[in-house]
Amino acid sequence: MAIEAVLMDIEGVLGPQSFLDETLVPHARERLGAFIAEHGEEDEEIEEALDEAGRLMGGFSLKPREAEALLLRWMKQGRNPTPLKIIQGRIWQEGYAAGAFRAEVHGDAGPSLTAWKGQGLKLFTFSSSSELAQKLWLSSAGSDAERLLDGFFDTRMGQKMEEEAYKAIAQEIGLAPAQILVLSGSVDELDAAASAGLATVRIARDGGDSGKHAAAADLASVILP
């Protein structure tokens, strides 16, 4: 079955993982408490995210300090629940607007997406970062990637290491799973995608084991199945 769509991560695929790990995450950690204090009771989106965080913990109504402690713990544990990702995205939005940082996109991203678009493929992202955070990353970098994409998926579809998330995305796109190629640097994520019936290629920019998946050194080296 021919590939009709490409579903790709941002971190490690379109942009460097180091920007998330060394810039965005530390910034969110430092701003979290103040941001909750400033927006937790006057911003509907943030209030709803904090309420959802409390529900995930068993229905508790979290005080600002408790909410900060919970979100910091999730960050330390490397967990990606949707309430955390929404709040991080809004913190990063303020950071971008203030000129605190500017994202990077790999040089092969724009040309590769342009070529695939020219072949008639639909292009999507699936990231643990919120849709807002994804768009901010790409627009801040000044690349053509954002305008070339047909849609953005985040943890509202499920976690990236869950088979059901990829089935839900395939249904949302309107294609058979085998018609979608997933590009990620994570073997665990690709295992989940493959279990859901999607085609997979590991983007191995830093080498490493690709498990049972085909590997490409970068986007320009991807050979469509």
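The values are calculated or read from the model by the stated rules, or taken from the named source; none is laboratory data. Every value quoted in this text rests on a predicted model; they were computed, and no experiment measured them. Methodologically, a virtual Cβ is constructed for each residue, glycine included, from the backbone with ideal geometry; neighbour enumeration extends over all protein chains shown. Accessible surface is based on the protein model in full, side chains and every heavy atom, while ligands, DNA and RNA are left aside. Shrake-Rupley method; radii C 1.70, N 1.55, O 1.52, S 1.80 Å.
Taking the conditions (1) closer than 23 Å to ALA199 by Cβ; (2) in contact with a Phe, Trp or Tyr (Cβ under 8 Å, 6 or more places away or on another chain); (3) open to solvent by less than 30 Å² (accessible area, probe 1.4 Å); (4) not hydrophobic (A, V, I, L, M, F, W, C) in turn, SER129 satisfies each one other than (1). Checked against the criteria, SER112 does not count as open to solvent by 50 Å² or more (accessible area, probe 1.4 Å) and either closer than 23 Å to LEU190 by Cβ or touching a residue at least 12 places away in the same chain (Cβ under 8 Å) (or both).
Have a look at LEU14, LEU24 and point out the one that is over 22 Å from THR114 (Cα atoms), open to solvent by less than 20 Å² (accessible area, probe 1.4 Å) and in contact (Cβ under 8 Å) with a residue 60 or more places away in the chain. Don't jump to the end; show me each part of the working.
Values: LEU14 fails: over 22 Å from THR114 (Cα atoms).
Checking each option against the conditions leaves just LEU24.
Restricting the first member to region 134-154 and to residues that are open to solvent by less than 10 Å² (accessible area, probe 1.4 Å), and the second to residues that are in a loop (DSSP other than H, G, I, E, B) and of a type in the set (Val, Ile, Thr), the beta-carbon pairs closer than 9 Å and six or more apart or on different chains are GLN134/ILE10; TRP137/ILE10; TRP137/VAL105; LEU138/ILE10; LEU138/VAL105; ALA145/ILE10; ALA145/VAL105. No other residue among LEU198, LEU175, LEU190 is surrounded by 16 or more Cβ atoms within 10 Å (Cβ to Cβ) and closer than 24 Å to GLY107 by Cβ apart from LEU190.
Scanning region 201-225 for residues that are open to solvent by 30 Å² or more (accessible area, probe 1.4 Å) and aliphatic (A, V, I, L, M) gives ALA214, ALA215, ALA217, ALA220, ILE223, LEU224.
The set of residues from region 32-59 being open to solvent by less than 60 Å² (accessible area, probe 1.4 Å) and either in contact with a strand residue (DSSP E or B) (Cβ under 9 Å, 6 or more places away or on another chain) or closer than 19 Å to GLN77 by Cβ (or both) comprises LEU32, GLY33, ILE36, ALA49, LEU50, ALA53, GLY54. In summary, LYS117 fulfils each of the numbered conditions (1) more than 15 Å from the chain's Cα centre (by Cα); (2) buried (at least 21 other Cβ atoms within 10 Å of the Cβ) with the single exception of condition (2). Scanning region 202-217 for residues that are of a type outside the set (Lys, Arg), within 17 Å of LEU14 (Cβ to Cβ) and in contact with a helix residue (DSSP H, G or I) (Cβ under 8 Å, 6 or more places away or on another chain) yields a count of 1.
Which of the residues that make up region 71-87 are touching a helix residue (DSSP H, G or I) at 6+ places or on another chain (Cβ under 8 Å), part of a helix (DSSP H, G or I) and open to solvent by 10 Å² or more (accessible area, probe 1.4 Å)?
The first filter runs over region 71-87 and keeps only residues touching a helix residue (DSSP H, G or I) at 6+ places or on another chain (Cβ under 8 Å), leaving 71-72, 74-75, 80-87.
From what is left, the residues that are part of a helix (DSSP H, G or I) are 71-72, 74-75, 82-87.
LEU72, MET75, THR82, LYS85, ILE86 - these are the residues of region 71-87 that are touching a helix residue (DSSP H, G or I) at 6+ places or on another chain (Cβ under 8 Å), part of a helix (DSSP H, G or I) and open to solvent by 10 Å² or more (accessible area, probe 1.4 Å).
The set of residues from region 98-128 being in contact with a helix residue (DSSP H, G or I) (Cβ under 9 Å, 6 or more places away or on another chain), under 17 Å from ARG31 (Cα atoms) and of a type in the set (Gly, Ala, Ser) comprises just one member, ALA100.
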